[in-house]
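Taking it in order: structure first as structure tokens, then the write-up.
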Amino acid sequence: MKDTYSTDDENHKMPGKGISTLSVHAGEERFRYADSITTPIVQTSTYAFKNTEHIDAYTRRGEAHFEYGRYGNPTEKVAQDRLSAICGAEDCVVFGSGMSAITTTILALVKSKDHIVITDDAYKKTLEFCSAYLQRFGVDCTIVPFGDYEALEKAIRPETRFIFSESPTNPYLNIFDLERLRDLAKRYNLLTLIDSTFSTPFNQCPFDFGVDIVLHSATKYLAGHNDILAGAVLGKKELIEEIRALHKAIGGVIDPHCSYLLLRGLKTFALRMEQQNRSGLEVARFLENHPRIKRVYYPGLESHPQHEIAKAQMTGFGSVVSFDIDGDLDDAKVFLDKLKLCYIAPSLGGVETLITHPALVSYYTITREERYALGITDSLLRLAVGVENACDIISDLDQALQ
Ligand SMILES: *Cc1c(COP(=O)(O)O)cnc(C)c1O
């Protein structure tokens, strides 16, 4: 039984074409409904069989057909194939959010009595899901300090199913050494999962390091316009099929219109990344040289502790720049309130420059001592540079720092 039209047509992946070309064209038929130059939004929740013979052809003889919205949609299908092509993956499933992609993937891979290992500066909700919710189903989780590869190896048990990490991480832009991950995974025969949201397929290809499953919050750079939520999981067909099967039951689907917006956002993905990589570095350098900034965290800076690893496994460093302002919570607030171009908002990777104060926004429920133990200081800010002119972003930051 096939639920999509063109799963096996490799031409849609446009092998050998550049990433800008793939971002515009991959996943599509050359000519579409009404010869529309854009991918049509197939706004439907269900699909009609022409007659009972058509049902038999679909169920018994494997004829391609969409059956029901939760199991697939033509607009969504193009988004999946385009992302597979851009990321260099055999297969992809898209979801209604990044968290839906992450939780469905993890649930598809574990069973009771399994054990998983995750690094401690993973996305907060991912950590929460692994440490709090998985326990309920008898799945044990060890959280190891990021960058401590000895602790990571020690955490591995016979029942360990996978290692989950991110690179770069949030908010300190730490870089996971994917060569060491490959080595561990090989020696212990483990699956490896990398949330590659911050690096994007423009800057890093975890599959080159033997990573089995790559996850993205497509809400961020991939869609790129701060207007939708979406997620994606990519990897070998066999593994992705297991995740797709559970996705159909859990149902965190992306709707057709959102799929269209993801496709539309992707068309400028490579263009945006070029500019955001450039502006990210420019803004990071400006901040590093500013007397009112204590410390800047950006993997493209020579001062970043894992700069060498970053250079070895990435081709660009993105546009998230974290920094400590010289002063206390009130100084950070004064700075934020003076900004005129940058918006105070969570999220990253979109065209608008956003800035967030992790202590106030994401860690407000815990005490100051607990936050400091996690490394989240009152003076820490995370800037997500958009596609405005870098000089305008810099002058906004500069006037707010006066
Ligand atoms: C935003 C984000 C997520 C969650 O994605 P949503 O689309 O918001 O559900 C997961 N991981 C990372 C690294 C993120 O930045």
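Yes/no per residue for (1) within 16 Å of the ligand (Cβ to nearest atom); (2) of a type in the set (Gly, Ala, Ser):
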| position | (1), (2) |
| --- | --- |
| 167 | yes, yes |
| 185 | no, yes |
| 193 | yes, no |
| 214 | yes, no |
| 222 | yes, no |
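The single residue among 150, 128 that is open to solvent by 30 Å² or more (accessible area, probe 1.4 Å), of a type in the set (Asp, Glu) and away from the ligand (no atom under 12 Å from the Cβ) turns out to be 150. Count of the stretch 229-242 residues, restricted to those that are open to solvent by less than 30 Å² (accessible area, probe 1.4 Å) and within 9 Å of the ligand (Cβ to nearest atom), is 2. Mind checking whether some residue in the stretch 295-303 is at pLDDT 95 or above, within 16 Å of the ligand (Cβ to nearest atom) and open to solvent by 50 Å² or more (accessible area, probe 1.4 Å)? No, because not a single residue in the stretch 295-303 is at pLDDT 95 or above, within 16 Å of the ligand (Cβ to nearest atom) and open to solvent by 50 Å² or more (accessible area, probe 1.4 Å).
Residue-by-condition table, conditions (1) in a helix (DSSP H, G or I); (2) surrounded by fewer than 19 Cβ atoms within 10 Å (Cβ to Cβ); (3) charged (D, E, K, R):
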residue: 34; (1), (2), (3): yes, yes, no
residue: 37; (1), (2), (3): no, yes, no
residue: 65; (1), (2), (3): no, no, no
residue: 80; (1), (2), (3): yes, no, no
residue: 93; (1), (2), (3): no, no, no
residue: 117; (1), (2), (3): no, no, no
residue: 121; (1), (2), (3): no, no, yes
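Return yes or no: is residue 51 closer than 23 Å to residue 32 by Cβ and either surrounded by fewer than 19 Cβ atoms within 10 Å (Cβ to Cβ) or out of contact with any strand residue (DSSP E or B) (no Cβ under 7 Å at 6 or more places or on another chain) (or both)? No, not satisfied.
Scan the strands (runs of 3 or more DSSP E) fully inside the stretch 189-293 and keep the ones with 1 or more residues being without any contact (Cβ under 8 Å) to a residue 40 or more places away in the chain and more than 14 Å from the chain's Cα centre (by Cα).
Numbers: elements: 191-195, 213-217, 231-235.
Correct list: 191-195.
The values are calculated or read from the model by the stated rules, or taken from the named source; none is laboratory data. As the structure is a prediction and not an experimental result, all values here were calculated from the model. All Cβ positions, even for glycine, are placed from backbone atoms using ideal geometry, and neighbour counts span all protein chains on display. The accessibility values were calculated without ligands, DNA or RNA, using every heavy atom of the protein model including side chains. Shrake-Rupley method; radii C 1.70, N 1.55, O 1.52, S 1.80 Å.
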